[in-house]
Amino acid sequence: MMLDQAAARDFNQVLVFRLDRAFRSVLEGVQTLEGLKAWSVGFRSYCEPYIDTTTPMGETMFAISAAWAQLARSIMGERVKAGLARAQAEGKSIGRPSLGVNGELVAQLRDSRLSWAKFAKAHPQVAKSGGKRGKLSAATIRRAYRQFTVQQADAMAAE
């Protein structure tokens, strides 16, 4: 949308808060900058006043800053992945805590043939812990039902 407006020359500069929030990668930033240059639209950063692509020095600073931002983002991603792997190796559970849906009870009550949403409203007792508001979504109950039926099938196959 904004690039369409830039192509139509509805404005002459794009102002972003910070460079690292504007693009996902250096390549995306450079490609966008090339497009903006072709449409005679400048690019500036509020927090990095030295990035002003209407000047040769500002254009150079954009390229250098974009490369550093990409490096920082990549390093952060690697650290997060390493931290998650370490936590899993230590036996810590990753992700949102389970709501503790009783799959067996869901399977028994599912015979009522209600839709999943109506089932969730009609049977709040299937939650062992109930979540923050004591309510479960239809997706949570459906997922518990699937997991329970898979476990049952695996148990029967093992016998």
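The values are calculated or read from the model by the stated rules, or taken from the named source; none is laboratory data. Predicted, not measured: the structure shown is a model, and the values here were computed from it. We place every Cβ from the backbone using ideal geometry, glycine too, and count neighbours over all the protein chains shown.
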| Within segment 42-58, how many residues turn out to be polar (S, T, N, Q) and under 18 Å from A69 (Cα atoms)? | 2
| task | Just give me the residues in segment 35-64 being over 20 Å from R21 (Cβ atoms) and either without any contact (Cβ under 8 Å) to a residue 40 or more places away in the chain or loosely packed, with under 14 Cβ neighbours inside 10 Å (or both), in sequence order. | result | K37, A38, W39, S40, T55, P56, M57, T60
| task | State whether one or more residues within segment 95-107 are touching a residue at least 24 places away in the same chain (Cβ under 8 Å), of a type in the set (K, R) and over 27 Å from F17 (Cβ atoms). | result | no
| Where a residue in segment 65-88 is without any contact (Cβ under 8 Å) to a residue 40 or more places away in the chain and its partner, wherever it lies, is aliphatic (A, V, I, L, M), with Cβ under 7 Å and at least six apart | L84/I94; A87/I94; Q88/I94
| query | Can you pull out the residues in segment 12-34 that are surrounded by fewer than 13 Cβ atoms within 10 Å (Cβ to Cβ) and either at pLDDT below 85 or out of contact with any strand residue (DSSP E or B) (no Cβ under 9 Å at 6 or more places or on another chain) (or both)? | reply | R21, R24, L27, Q31, E34
| Given the residues L84, L36, L71, which is the only one that is touching a helix residue (DSSP H, G or I) at 6+ places or on another chain (Cβ under 8 Å) and assigned by TED's automatic domain parsing to the domain that holds A22? | L36
| remark: With criteria (1) of a type in the set (G, A, S); (2) at pLDDT 85 or above; (3) more than 30 Å from G29 (Cβ to Cβ); (4) in contact with a Gly (Cβ under 9 Å, 6 or more places away or on another chain), A87 comes up short on (4)
